[in-house]
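The values are calculated or read from the model by the stated rules, or taken from the named source; none is laboratory data. Note that the coordinates shown come from a computational prediction; the quantities given were computed from them, not determined experimentally. Ideal geometry is used to build each Cβ from the backbone, glycine not excepted, and the neighbour counts take in all protein chains shown.
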There are 2 protein chains.
Amino acid sequence: MSEADESQPVTAAILVIGDEILSGRTKDKNIGYIAEYLTAIGVDVREVRIVPDVEEDIVAALNALRHRYSYVFTTGGIGPTHDDITADSVAKAFGVPIDFDPRAVALLKQRFKGPELNEARMRMTRIPHGAELVTNKISLAPGFWIGNVIVMAGVPTIMQAMLDEVGPKLKTGKQMLSESVRADAREGDIGTELGELAKAYPDATFGSYPFFDDKTGPNTNIVIRSREPDTLAAATAAVHGMLRDVKARLKATG
Amino acid sequence: MSEADESQPVTAAILVIGDEILSGRTKDKNIGYIAEYLTAIGVDVREVRIVPDVEEDIVAALNALRHRYSYVFTTGGIGPTHDDITADSVAKAFGVPIDFDPRAVALLKQRFKGPELNEARMRMTRIPHGAELVTNKISLAPGFWIGNVIVMAGVPTIMQAMLDEVGPKLKTGKQMLSESVRADAREGDIGTELGELAKAYPDATFGSYPFFDDKTGPNTNIVIRSREPDTLAAATAAVHGMLRDVKARLKATG
């Protein structure tokens, strides 16, 4: 991490661009990956949007998100076909010109020789003025970083390579820490008590994730999160205590 | 389908509610499922948003989406714990009161006897005034339908049961038809020509989905979509013709 500002949370939004996600034809695999990656390095993902390959919609979403969060990460729409309009839409949102970028052209020339670097592939060298390239070794076709917006490919392996490229350059906040506790109780049996803990520990959050254990039946994972190690430890201990109390009570009444 | 208005597209947005999706801890499995389901019955998904368990954010997203699309489908936040605030947020967005709903209480009494129907589980019976219940046979805890907003569970199996319940009651537009053609060419080799087809057939859309075939290398699926069978047939034939021309040219030059 180049910076670690401990005072302010660093926030992010993810903007997924593509008709194929909205039609359900392609199942998104990027949101969960990016969310997990950013959470791990201390960047809080606060919102995700998925929009179609429509310039007006991309520009509107981008302008709504980039003014509200520290970073916006986009995926999709930077390939060689007519519906790949992300780069042009980002240029429009920022009000900057866009043209074939010599750095991007040089990269693609490493991969495509002579007539192979045709009109379609040249689309992938259109980069908004003032952007830094985000390179990847898989396709060589770059994404880019302009202002607080990072534009990445939609193909998961390429997106992941690009995220590895930009990750170390992001400013990060104090990392969110977490503990996971298997409740061995049904969510509805501990919901009230968990709500009371949430009030008692305002600097921690208590997530409750029901799941079904094939052997023992309905169960719950409790995830406690805090940026303060001491708060996390105290809140986690309180969860263990609460679970003991609830189980004793259920045993007595049940 | 209860209605099939052929003149107007019926549109939808999906609103996913939950910190656990934004942190990457839980990977969403509902967006792709709902998108595919709605597309198949002639409802166009135009936008997706994921927001945290924060009332202000849920209300803002809901009000932005429900005025813009025919339907909004929400998932998540209707369980028994303190962070399940979807029902209250929906009531706030619509400006209607919310209270324990006798129909929902009756459903939960089938599953939870006496003290089992505790304060936490009673949260799941809070339904905004004027809403219809959306039942499910798995958990019995209902979702609901108010105005053009359909509120569903986050657990995929339960959400799917709820979607099956509401699906037949939705108004639907003329169904989008599609054909898929394996190009046996790299995306960059056909991008320009595909863009020309998109201009020649304005009532069809041409999606281009690169993939890697382990045996033959980089390849592309082309998906042609139209609501008109004749247009779809003509556009698909044009894609086959284009592919023949491109391959002949590549063979001649390569």
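Brief remarks on what is shown
- Cβ-Cβ under 7 Å pairs, at least 6 apart or on other chains, the range B:64-90 side free of Cβ contacts under 8 Å to residues at least 60 places away in the same chain, far side crowded, with 20+ Cβ neighbours inside 10 Å and assigned to a loop (DSSP other than H, G, I, E, B): B:D84/B:G77; B:D84/B:I78; B:I85/B:D53; B:I85/B:G77
- Elements of type strands (runs of 3 or more DSSP E) in the range B:145-254, at least 2 residues being within 14 Å of another protein chain (Cβ to nearest Cβ): B:177-182, B:205-213, B:217-226
- Residue that is surrounded by the most Cβ atoms within 10 Å (Cβ to Cβ), among those in the range B:11-37 that are touching an Asp or Glu at 6+ places or on another chain (Cβ under 7 Å) and among the β-branched types (V, I, T): B:I17
- Exactly one residue out of A:I98, A:I41 is in contact with a Ser or Thr (Cβ under 6 Å, 6 or more places away or on another chain) and more than 11 Å from chain B (Cβ to nearest Cβ): that is A:I41.
- Selected residue (criterion: modelled with the lowest pLDDT) from residues of the range A:65-116 that are more than 15 Å from A:I50 (Cα to Cα) and of a type in the set (F, W, Y): A:F112
- Hits in the range A:22-38 (condition: facing chain B (nearest Cβ under 7 Å) and in a helix (DSSP H, G or I)): A:L22, A:I31, A:G32, A:A35, A:E36
- The residues of the range B:64-120 that are assigned to a loop (DSSP other than H, G, I, E, B), closer than 26 Å to B:Y33 by Cα and of a type in the set (A, V, I, L, M), listed by number, are B:I78, B:I85.
- Count of residues meeting criterion [among the β-branched types (V, I, T) and within 21 Å of B:G188 (Cβ to Cβ)] in the range B:218-237: 4
- Pick from the range B:105-132, criterion touching a residue at least 24 places away in the same chain (Cβ under 8 Å) and among the basic types (K, R), ranking: nearest to the other protein chains (Cβ to nearest Cβ): B:R121
- Considering the range B:44-68, and only residues there that are farther than 19 Å from A:K29 by Cβ and touching a Lys or Arg at 6+ places or on another chain (Cβ under 6 Å), the residue that is nearest to the other protein chains (Cβ to nearest Cβ) turns out to be B:A61.
- Test: residue in the range B:140-152 that is in contact (Cβ under 8 Å) with a residue 60 or more places away in the chain, surrounded by 17 or more Cβ atoms within 10 Å (Cβ to Cβ), touching a Gly at 6+ places or on another chain (Cβ under 6 Å) and within 24 Å of B:S70 (Cα to Cα): yes
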